[in-house]
Amino acid sequence: MHRAPRGRTMAPMTALLLTGGRIIDPASELDHTGDVLIREGLIAAISKERITTDAPRIACEGCIVAPGLLDIHVHFRDPDTSGHHEETLDTGAAAAAAGGFSTVCCMPNTTPAIDCRTLVEHIGSRSAQAGHARVFPVACGTIGRRGETVAPILELIESGAVGISDDGDGIADSGIMRRVLALVAAADSVFMQHCQDPTLTRAAAMNAGSLATRLGLTGWPREAEEVMLRRDLALNRSIGARYHAQHLSVAQSIDALREARAEGQPATGEASPHHLLLTEDACEGWNTLAKVNPPLRTNADIDAIKRGIAEGIITVLATDHAPHPAHTKDTDFASAAFGMVGLECALPLYREAIIEGGVLDWPGMLRMMTCEPARVAGLAHLGLGRLESGGPADVTVIDPDAEWTIDPTSFQSRGRNCPFAGRSVRGRALTTIVAGRIRHQRASDRTDAAIEDRAEVR
């Protein structure tokens with residue numbers, strides 16, 4: 001039973017007690033039933049015993065009390081001078097909180113691209129005003145993401161960027177890539193690579209194979225991902241930058257990452273919900289909702305990604321949340337935009353693929369959504385991604401057995417481009433707490449009342 005405190009308040013809460021939940025903190029390997037007391041935005045106590053206090057309480061019996069979830073790969077399209085307004089920091093952060101994410105890292109493929117101090121600081125100030133969830137910017141590796149001129153990486157990181165990426169494109173020029181890696185290493189930051197050799201994917205729309213041929217579409221070869229990943233890892237051997245491979249989709253990439261990690265390289269990788277559950281068959285009938293970059297692959301690739309997760313080769317789960325207006329999907333497949341939204345339905349999709357799929361248990365999966373992404377993005381020093389006394393009170397309460405149907409029309413995100421619409425799933429974030437404030441409280445038959453608390457996230 002999950003019960004929210006009765007009554008509503010607009011004032012910041014100074015204290016809150018979460019009672020009787022299964023407390024899972026993968027960072028400390030804590031896993032027991034008990035209470036969590038929050039005061040003044042911090043975790044005041046974690047106890048197996050009942051905590052006596054007059055603070056408002058949420059009864060969490062039958063639920064998981066976890067660190068606030070982190071997604072280090074989202075697209076919020078802000079700033080946007082194109083006039084499309086596909087998402088904003090406010091709607092994206094609201095979507096994050098609705099999905100149980102207290103922290104997200106937004107990619108720099110915006111208009112204009114996040115390649116200067118002013119835009120990095122803009123993201124920081126805008127996210128503080130928006131509330132909902134913490135939003136940290138990832139800045140460009142090259143000016144305008146054009147792959148031609150190295151961006152002022154040290155300045156970008158100094159001004160608040162938590163990582164460097166040209167996401168949406170890979171950096172094709174090897175000399176430029178070497179310089180970017182060297183600067184990222186000097187700054188002790190992380191480079192997040194979109195592994196795609198553009199010379200192999202011109203006009204490509206979906207996975208190369210018989211289905212693409214039958215649909216009359218240009219195929220996207222699996223080598224396009226592997227070639228860039230192996231090149232980067234070869235360049236990085238002598239540099240030693242922290243390197244993170246985004247949304248891996250093919251078995252060969254898992255092999256390359258496994259080899260690099262065995263050599264001792266500080267290389268990590270991530271998997272997205274769609275690459276764990278959907279194959280190229282979802283593109284049948286020219287279904288543009290299933291058009292993503294990198295494309296959906298095969299069952300053999302899904303099995304390889306799951307093995308990589310089980311072996312600890314892939315350590316992060318990230319949605320690659322990519323909202324698009326309807327008209328960019330309501331067109332022919334070749335012309336349609338790449339990408340799908342995922343923040344608000346990621347948790348049950350991960351549950352289906354990883355827990356029901358027998359890959360990991362709840363603590364193992366939550367590790368990939370809390371302390372591991374915090375470590376990759378350099379956020380662990382802020383206390384994010386873990387539960388500990390004196391640390392920030394970023395907490396997600398999860399009903400692991402809640403049954404519901406994914407309905408994109410109810411999303412907080414402006415994006416409705418979700419191929420999982422109508423899918424019956426289990427598991428849902430009921431309460432998202434950021435800095436001790438309830439940012440999302442889900443009304444359900446297991447909730448007596450909701451609290452509205454819109455104070456600024458700090």
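Points to keep in mind about this one:
- Residue ID - surrounded by the most Cβ atoms within 10 Å (Cβ to Cβ), chosen from residues in segment 382-412 that are more than 25 Å from C371 (Cα to Cα) and polar (S, T, N, Q): Q412
- Selected residue [in contact with a helix residue (DSSP H, G or I) (Cβ under 7 Å, 6 or more places away or on another chain), among the hydroxyl-bearing types (S, T, Y) and free of Cβ contacts under 8 Å to residues at least 60 places away in the same chain] from T268, T201, T213: T201
- Residues in segment 234-265 that are among the hydrophobic types (A, V, I, L, M, F, W, C) and more than 23 Å from the chain's Cα centre (by Cα): 5 in all.
- Of all residues in segment 407-433 being more than 18 Å from the chain's Cα centre (by Cα) and of a type in the set (D, E, K, R), the one that is farthest from I58 (Cα to Cα): R423
- Residue within segment 176-190 that is touching a Pro at 6+ places or on another chain (Cβ under 8 Å), in a loop (DSSP other than H, G, I, E, B), at pLDDT 95 or above and of a type outside the set (A, V, I, L, M, F, W, C) present: no
- Residue, farthest from A402 (Cα to Cα), within segment 297-354, restricted to residues that are aromatic (F, W, Y) and in contact with a strand residue (DSSP E or B) (Cβ under 8 Å, 6 or more places away or on another chain): F333
- Residue count, segment 259-293 (criterion: out of contact with any Asp or Glu (no Cβ under 6 Å at 6 or more places or on another chain), crowded, with 18+ Cβ neighbours inside 10 Å and either of a type in the set (D, E, K, R) or in a loop (DSSP other than H, G, I, E, B) (or both)): 9
- Within segment 218-234, the presence of at least one residue that is free of Cβ contacts under 8 Å to residues at least 24 places away in the same chain, surrounded by 16 or more Cβ atoms within 10 Å (Cβ to Cβ), in contact with a strand residue (DSSP E or B) (Cβ under 7 Å, 6 or more places away or on another chain) and closer than 21 Å to G168 by Cβ is confirmed.
The values are calculated or read from the model by the stated rules, or taken from the named source; none is laboratory data. Since the structure is predicted, the reported quantities are computational estimates derived from the model, not experimental observations. Every residue, glycine as well, gets a Cβ built from its backbone with ideal geometry; the counts of neighbours run over all protein chains shown.
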